[in-house]
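S.K.: Pasting in a structure now, in structure tokens, and then I'll have a few things to ask.
The values are calculated or read from the model by the stated rules, or taken from the named source; none is laboratory data. What you see is a predicted model, and the numbers here were worked out from it, not measured in a lab. Cβ coordinates were reconstructed from backbone atoms using ideal geometry, including for glycine residues, and neighbour counts include every protein chain displayed. Just so you know, the surface numbers come from the protein's heavy atoms only, side chains and all, with ligands and any DNA or RNA stripped out. Shrake-Rupley method; radii C 1.70, N 1.55, O 1.52, S 1.80 Å.
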Amino acid sequence: MGIIPKEFEPIFSIFLIFILFGLIFFVLNLILFAKSLTIHKKEFTIALLFSTSKSKSKSKNKNEIKCRSIRKRNFFLWWSVLFLLTIFCLIFCLLLIPPQFEATYLTNAIEKGNVSKSLRQVSIETGKYFGGLLRIEETCDSHLLNLEYSSVTPENFLKWSHLSSDGSYTEYDWKNADKMIKQATNDYHLRVRGHTLIWDTRWRTFYPKRLQEKFQNKSPQVSVSEAKELLKNHICTVMQHYKDHVHTWDVINEPMNSEGGIGSEGNLFQKILGHKYIHYSLQYARECSQESNNVTTTLFINEAFVDYSLDSPKVKGFLSLLKNLTQSNIPLDGVGIQGHAMYQLQNNNNIRDFMSQIDQLGLKFEITELDSRLRLFTREKKSSTSDPYQLQADYYRDWVNGCFHFANCQGITFWGVSDATSWYDSFMMFRWLRPNKPYIFDYRGRRKQGWHSLFDAFSNLPTNPNSTIAHFAPSSKDFTKTEQFSSCSGKYSTQARGKYLPLIIGLLSLLLFILLITSILLFFKKSKKTIKINPEPNENQNLIQK
């Protein structure tokens, strides 16, 4: 998978061709320009670009010819710069102006009529979690979390660097995290998935600053026993602090690299403990976990995949890791399958085969970070519909039905709540490639087609009288008013970001284009003027005249 999204590869290919052509043209003219300055320094002072007045210098005719040559070279240099700027601004403007799609989910909502239940209610009835994302001081989606969701995953505030007090790896600041966890469990009665105790691939942002300095200091070098003690202290400190509120933990997040190996070169604990740091982390988590209210703590490994094919090196390596852990009796209860679709959609058959492999190992699993950008569905050709909202809903339905096919599937969690607070719109690249709109609620909290697809998938499951989610059941609410939420303008809102930026870039592109055309017209208009040349007779001509 490349960095450029698949649906924009043709545009970027054309863009790169124009840029390459412009760069070559620019370099060649820059060389000619520099050469002209070196050879004709005096003559250049009178060779002004687009000058309509004749030079008052009494230079010779051959110098006038040189000045005209310099003017031509200066023009082509100017033209190549304008060419590059115009093409860049036009492409940039094209990316910034998102295509508009009809909100067909509003019409479909009228046709389907009012649904008296919420996803939270059917989630409780079936015993399968329906989860969303929890952010610090983000109140925009609180009404949706309270009414529609039965589980939440903290985005960042349980990660080591966020819990750290002033970069320390032994002192913790629990203020923000305590506030959010208590709000989720006490006010909204939600299950909280603890995310995450150890994170491999983002070690620079995950580990506290002083811990990184300690491991990078070679004198004295961190010993194996010291590394194990640091690992255990952090895991036990966090788990015991939230023993009454958090009973599901992503102990290890993204331990695999893209080549199928375990760990990244920058992982601090892997440098000292090797791959065994995964074993130690899970063992310490089991030792430090405590039952509360008859709820047993479950331990997960959470991982992301670009390709879920069983032939993928990363999938092969990950399944090999799981087999090794289960055969070694390492305490692992489940696997988190992330499910991001940032650049391309996943093959649902591959996903189901991957889930089947995990199920055969006797492990539980959840879809933990599901989302897919709406723009990925604008090029779908195999479907009978061209409505991207419906295609997105069908995609989510296939994911959820694939998971619910197995008894070990515990539920699904979206990496967000509504389109108003989409993380894609806060990420620079995807902010340019809108619309993203990855969730089943729009920016005003209204149900999209994806909501109905998930509701049908949950409703088709048998009722589970032993559902553990009943413990987190909310107080009675009027769920019939879920369609009537007012506008929500969170800090990540797609409506608030870049409102006038496309217009500004578009006007700049237009001005550059007008300047480019004007310069070409001026050049050709002036090139029609002729310069009279009366070259001095040479010596041979003088002899002939004599």
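S.K.: Those residues that are within 28 Å of the chain's Cα centre (by Cα) and either of a type in the set (D, E) or open to solvent by 80 Å² or more (accessible area, probe 1.4 Å) (or both), I need them from the stretch 167-191; list them, please.
M.R.: Once the filter is applied, which keeps residues that are within 28 Å of the chain's Cα centre (by Cα) and either of a type in the set (D, E) or open to solvent by 80 Å² or more (accessible area, probe 1.4 Å) (or both), the stretch 167-191 yields D178, K179.
S.K.: Ok, one more. What residue, of K243, K218, is out of contact with any Asp or Glu (no Cβ under 6 Å at 6 or more places or on another chain), at pLDDT 90 or above and surrounded by fewer than 18 Cβ atoms within 10 Å (Cβ to Cβ)?
M.R.: The match here is K243.
S.K.: Go through L282, L321, L299, L325 for me and flag whichever is in contact with a helix residue (DSSP H, G or I) (Cβ under 6 Å, 6 or more places away or on another chain), of a type in the set (A, V, I, L, M, F, W, C) and under 30 Å from Q346 (Cβ atoms). Spell out how you get there, then give the answer.
M.R.: Working: L282 fails: in contact with a helix residue (DSSP H, G or I) (Cβ under 6 Å, 6 or more places away or on another chain); L321 fails: in contact with a helix residue (DSSP H, G or I) (Cβ under 6 Å, 6 or more places away or on another chain); L325 fails: in contact with a helix residue (DSSP H, G or I) (Cβ under 6 Å, 6 or more places away or on another chain).
Every option except L299 fails the conditions.
S.K.: For the stretch 246-271, give me the residue count where each residue is more than 19 Å from C236 (Cβ to Cβ) and either outside any loop (DSSP other than H, G, I, E, B) or touching a His at 6+ places or on another chain (Cβ under 8 Å) (or both).
M.R.: 5
S.K.: Pick out the one residue from Q392, Q357, Q346, Q410 that is touching a helix residue (DSSP H, G or I) at 6+ places or on another chain (Cβ under 6 Å) and open to solvent by 10 Å² or more (accessible area, probe 1.4 Å).
M.R.: Q357 is the lone residue from the list that is touching a helix residue (DSSP H, G or I) at 6+ places or on another chain (Cβ under 6 Å) and open to solvent by 10 Å² or more (accessible area, probe 1.4 Å).
S.K.: Which ones in the stretch 397-419 are touching a Ser or Thr at 6+ places or on another chain (Cβ under 6 Å) and more than 15 Å from Y149 (Cβ to Cβ)?
M.R.: Within the stretch 397-419, R397 is the sole residue that qualifies.
S.K.: Continuing with this model, one more query. Pull out all pairs, ordered by first then second residue, where Cβ-Cβ is under 6 Å, the residues are six or more apart or on different chains, the first lies in the stretch 424-451 and is under 13 Å from E148 (Cα atoms), and the second is in a loop (DSSP other than H, G, I, E, B) and β-branched (V, I, T).
M.R.: What qualifies is W451/I440.
S.K.: Is it fair to say Y439 is part of a loop (DSSP other than H, G, I, E, B) and touching a Cys at 6+ places or on another chain (Cβ under 9 Å)?
M.R.: no
S.K.: Is there any pair linking a residue in the stretch 314-332 that is over 12 Å from I278 (Cβ atoms) and charged (D, E, K, R) to one that is open to solvent by 60 Å² or more (accessible area, probe 1.4 Å) and assigned to a loop (DSSP other than H, G, I, E, B), with Cβ under 8 Å and at least six apart or on different chains, and which?
M.R.: Between residues of the stretch 314-332 that are over 12 Å from I278 (Cβ atoms) and charged (D, E, K, R) and residues that are open to solvent by 60 Å² or more (accessible area, probe 1.4 Å) and assigned to a loop (DSSP other than H, G, I, E, B), the close pairs are K314/S258; K314/E259; K314/V306; K314/D307; K316/L310.
S.K.: Same structure, new question: Given the structure, is K228 open to solvent by 20 Å² or more (accessible area, probe 1.4 Å), in a loop (DSSP other than H, G, I, E, B) and basic (K, R)?
M.R.: No.
S.K.: Say we look at the stretch 248-270 and pick out the residues that are acidic (D, E) and within 19 Å of G334 (Cβ to Cβ); which of these is most open to solvent (accessible area, probe 1.4 Å)?
M.R.: E254
S.K.: In this structure, does L310 turn out to be of a type outside the set (V, I, T) and either without any contact (Cβ under 8 Å) to a residue 24 or more places away in the chain or surrounded by fewer than 18 Cβ atoms within 10 Å (Cβ to Cβ) (or both)?
M.R.: yes
S.K.: Here's something else I'd like to know. Could you list, in sequence order, the residues of the stretch 413-424 that are hydrophobic (A, V, I, L, M, F, W, C), part of a helix (DSSP H, G or I) and open to solvent by less than 10 Å² (accessible area, probe 1.4 Å)? Spell out how you get there, then give the answer.
M.R.: To start, the set of residues in the stretch 413-424 that are hydrophobic (A, V, I, L, M, F, W, C) comprises 414-415, 417, 420, 423.
Checking the rest, the ones that are also part of a helix (DSSP H, G or I) come to 420, 423.
Passing the criteria: only A420.
S.K.: Name the residue that is surrounded by the fewest Cβ atoms within 10 Å (Cβ to Cβ), counting only residues in the stretch 425-449 that are farther than 18 Å from F101 by Cα and not small (G, A, S).
M.R.: M428
S.K.: Sticking with this one: Which of the residues belonging to the stretch 150-182 are out of contact with any Phe, Trp or Tyr (no Cβ under 6 Å at 6 or more places or on another chain), assigned to a loop (DSSP other than H, G, I, E, B) and either in contact (Cβ under 8 Å) with a residue 40 or more places away in the chain or under 21 Å from D442 (Cα atoms) (or both)?
M.R.: E155, L158, G167, S168, Y169, T170, W174 - these are the residues of the stretch 150-182 that are out of contact with any Phe, Trp or Tyr (no Cβ under 6 Å at 6 or more places or on another chain), assigned to a loop (DSSP other than H, G, I, E, B) and either in contact (Cβ under 8 Å) with a residue 40 or more places away in the chain or under 21 Å from D442 (Cα atoms) (or both).
S.K.: Tell me, please, whether a residue that is in contact with a Pro (Cβ under 7 Å, 6 or more places away or on another chain) and over 23 Å from F269 (Cα atoms) can be found in the stretch 172-187.
M.R.: Within the stretch 172-187, one or more residues are in contact with a Pro (Cβ under 7 Å, 6 or more places away or on another chain) and over 23 Å from F269 (Cα atoms).
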